[in-house]
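Enquirer: Once you've had a glance at the structure underneath, I'll fire off some questions.
The values are calculated or read from the model by the stated rules, or taken from the named source; none is laboratory data. Owing to the predicted nature of the structure, the values given are computational and were not obtained by experimental measurement. All Cβ positions, glycine included, derive from the backbone under ideal geometry; neighbour counts span all protein chains shown. With ligands, DNA and RNA removed, areas are computed over all heavy atoms of the protein, side chains included. Shrake-Rupley method; radii C 1.70, N 1.55, O 1.52, S 1.80 Å.
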Amino acid sequence: MLLKRLREEVLEANLELVRKGLVLYTFGNASGISREDKKVVIKPSGVPYEKLKPEHMVVTDLNGKVVEGMLKPSSDLPTHLELYKAFPKIGGVAHTHSEYATSWAQARKPIPCLGTTHADYFYGPVPVTEVMKDDEIASAYEKNTGVAIVRAFKAIDYAAVPAVLVANHGPFAWGPNPEMAAHNAVVLEAVARMAIFATTIRAEAQLVGRKLHDKHYLRKHGKDAYYGQEREGQ
């Protein structure tokens, strides 16, 4: 079986989305990529999560051709492929229709950074894509969803803001591997919920200050990061 380890990681990422309450029925998917093998592993389309096993994960090439697996890949595969092609540092993608992040997507509003929880993970607001045009929807819709996401990051570092809201659709998140893609999707939902609560309590809630935003993001992700434990061997 090709890419056995990656299949297991992708399955676990999908199950984590369910465990954390981000997925209802089959509304979501996670994938992973082997850059060395130039292959993508993704959840099959429409299969209930409780029935999924590693061997059910579908392996495709970067053009979306299935190279191993008896099931159809997620219908969102072309979106994932566009992200892998445009964002060379990512190793996993997670897509959900989680309640709070999707609410921001449906409102077509970026999630503002109002506090340090957001700042720990996203170095700025989580952007929302432009509304897709009718011809983009009518032709190669899923691929053009990926194109719309990439367009939204023309002036944004995709590694520093590892998530996006697709207008009227929902969130996508990514990371260096499938586990972190799912992790970032879970955090995205948490900060989306907090932002809704904060702006409900105080409509004119202020953005976190630049200094505080920098401190929280850079202590975890900067070149002199000091949050957490050193890895073995360092």
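Enquirer: All but one of (1) assigned to a helix (DSSP H, G or I); (2) at pLDDT below 95; (3) of a type outside the set (A, V, I, L, M, F, W, C); (4) closer than 17 Å to Pro112 by Cα hold for Thr199; state the number of the condition that does not hold.
Expert: For Thr199, the failing item is (2).
Enquirer: Right, here's the next one. Go over the candidates Leu218, Leu188 one by one and state the one that is within 16 Å of Pro125 (Cα to Cα), in a helix (DSSP H, G or I), open to solvent by 40 Å² or more (accessible area, probe 1.4 Å) and not charged (D, E, K, R). Reasoning before the result, please.
Expert: Numbers: Leu188 fails: open to solvent by 40 Å² or more (accessible area, probe 1.4 Å).
None of the others qualify; the one that does is Leu218.
Enquirer: Using the structure shown, decide if Val10 is part of a strand (DSSP E or B), modelled with pLDDT of 95 or more, in contact with a Pro (Cβ under 9 Å, 6 or more places away or on another chain) and open to solvent by less than 10 Å² (accessible area, probe 1.4 Å). Before the answer, list the steps.
Expert: Working: part of a strand (DSSP E or B): no; modelled with pLDDT of 95 or more: yes; in contact with a Pro (Cβ under 9 Å, 6 or more places away or on another chain): yes; open to solvent by less than 10 Å² (accessible area, probe 1.4 Å): yes.
So Val10 fails the test.
Enquirer: Name the residue that is farthest from Ala182 (Cα to Cα), counting only residues in the stretch 53-70 that are assigned to a strand (DSSP E or B), in contact (Cβ under 8 Å) with a residue 40 or more places away in the chain and among the hydrophobic types (A, V, I, L, M, F, W, C). Steps first, answer last, please.
Expert: The initial filter retains those residues of the stretch 53-70 that are assigned to a strand (DSSP E or B), namely 58-61, 66-68.
Next, only the ones that are in contact (Cβ under 8 Å) with a residue 40 or more places away in the chain stay: 59, 67-68.
Imposing the further condition that a residue be among the hydrophobic types (A, V, I, L, M, F, W, C) reduces the set to 59, 67.
Details: Val59: 19, Val67: 24 Å.
Among those that are assigned to a strand (DSSP E or B), in contact (Cβ under 8 Å) with a residue 40 or more places away in the chain and among the hydrophobic types (A, V, I, L, M, F, W, C), it is Val67.
Enquirer: Select from the stretch 127-153 the residues that are of a type in the set (Asp, Glu) and within 21 Å of the chain's Cα centre (by Cα) and write down the one among them that is least open to solvent (accessible area, probe 1.4 Å). Walk me through how you get there before you give the answer.
Expert: Taking the stretch 127-153 first, the residues of a type in the set (Asp, Glu) are 130, 134-136, 142.
Subsequent filtering for residues that are within 21 Å of the chain's Cα centre (by Cα) retains 130, 142.
Working: Glu130: 129, Glu142: 54 Å².
Restricting to residues being of a type in the set (Asp, Glu) and within 21 Å of the chain's Cα centre (by Cα), the top hit is Glu142.
Enquirer: Answer yes or no as to whether Glu204 is surrounded by fewer than 17 Cβ atoms within 10 Å (Cβ to Cβ) and not in a helix (DSSP H, G or I). Let's see the steps before the verdict.
Expert: On the way: surrounded by fewer than 17 Cβ atoms within 10 Å (Cβ to Cβ): yes; not in a helix (DSSP H, G or I): yes.
Yes.
Enquirer: Okay, next question. Of all residues being part of a loop (DSSP other than H, G, I, E, B) and touching a Pro at 6+ places or on another chain (Cβ under 9 Å) in the stretch 71-83, which is least open to solvent (accessible area, probe 1.4 Å)? Just the residue, please. Steps first, answer last, please.
Expert: First pass over the stretch 71-83, keeping only residues part of a loop (DSSP other than H, G, I, E, B): 71-72, 74-76.
Now drop any that are not touching a Pro at 6+ places or on another chain (Cβ under 9 Å), which leaves 71-72, 74.
On the way: Leu71: 69, Lys72: 151, Ser74: 10 Å².
Only one residue fits best here, namely Ser74.
Enquirer: Another question, then. Within the stretch 162-183, how many residues turn out to be under 14 Å from the mean Cα position of the chain (by Cα), surrounded by fewer than 23 Cβ atoms within 10 Å (Cβ to Cβ) and outside any strand (DSSP E or B)?
Expert: 6
Enquirer: Give the residues of the stretch 110-122 that are surrounded by fewer than 23 Cβ atoms within 10 Å (Cβ to Cβ) and touching a strand residue (DSSP E or B) at 6+ places or on another chain (Cβ under 6 Å), sorted by residue number.
Expert: Residue satisfying the conditions is Pro110 alone.
Enquirer: Does Pro44 qualify as being open to solvent by less than 20 Å² (accessible area, probe 1.4 Å), farther than 24 Å from Ala160 by Cα and not aromatic (Phe, Trp, Tyr)? Lay out the reasoning, then the answer.
Expert: Values: open to solvent by less than 20 Å² (accessible area, probe 1.4 Å): yes; farther than 24 Å from Ala160 by Cα: yes; not aromatic (Phe, Trp, Tyr): yes.
Criteria met by Pro44.
Enquirer: Here's a follow-up. Within the stretch 126-145, how many residues turn out to be hydroxyl-bearing (Ser, Thr, Tyr) and in contact (Cβ under 8 Å) with a residue 60 or more places away in the chain? Before you say what the answer is, go through the steps one by one.
Expert: Step one: list which residues in the stretch 126-145 are hydroxyl-bearing (Ser, Thr, Tyr), which gives 129, 139, 141, 145.
Retained after the next criterion (residues that are in contact (Cβ under 8 Å) with a residue 60 or more places away in the chain): 145.
Residues in the stretch 126-145 being hydroxyl-bearing (Ser, Thr, Tyr) and in contact (Cβ under 8 Å) with a residue 60 or more places away in the chain: 1 in total.
Enquirer: Between residues in the stretch 193-205 that are of a type in the set (Val, Ile, Thr) and residues that are not in a loop (DSSP other than H, G, I, E, B), which pairs lie under 6 Å by C-beta distance while being six or more apart or on different chains?
Expert: Ile196/Tyr100
Enquirer: Could you check the stretch 131-148 and list, in sequence order, the residues that are aliphatic (A, V, I, L, M) and either farther than 19 Å from Ala107 by Cα or in a helix (DSSP H, G or I) (or both)?
Expert: First, the residues of the stretch 131-148 that are aliphatic (A, V, I, L, M): 131-132, 137-138, 140, 147-148.
Within the stretch 131-148, Ile137, Ala138, Ala140, Val147, Ala148 meet the criteria.
Enquirer: Being free of Cβ contacts under 8 Å to residues at least 24 places away in the same chain and under 27 Å from Val41 (Cα atoms) narrows it down to one residue among Ala155, Ala148; which is it? Quick ask: steps written out before the conclusion?
Expert: On the way: Ala155 fails: under 27 Å from Val41 (Cα atoms).
Within the list Ala155, Ala148, the selection yields Ala148.
Enquirer: What are the residue pairs meeting all of these: first residue in the stretch 79-97, first residue of a type in the set (D, E, K, R), second residue open to solvent by 10 Å² or more (accessible area, probe 1.4 Å), Cβ atoms under 8 Å, and 6 or more apart or on different chains?
Expert: Glu82/Lys143; Glu82/Val147; Glu82/Val150; Lys85/Leu62; Lys89/Tyr158; Lys89/Ala159; Lys89/Pro176
Enquirer: Going through Glu16, Glu36 one at a time, which residue ends up being in a helix (DSSP H, G or I) and open to solvent by 20 Å² or more (accessible area, probe 1.4 Å)? Explain how you work it out, then say what you get.
Expert: Numbers: Glu36 fails: in a helix (DSSP H, G or I).
On inspection, the qualifying residue turns out to be Glu16.
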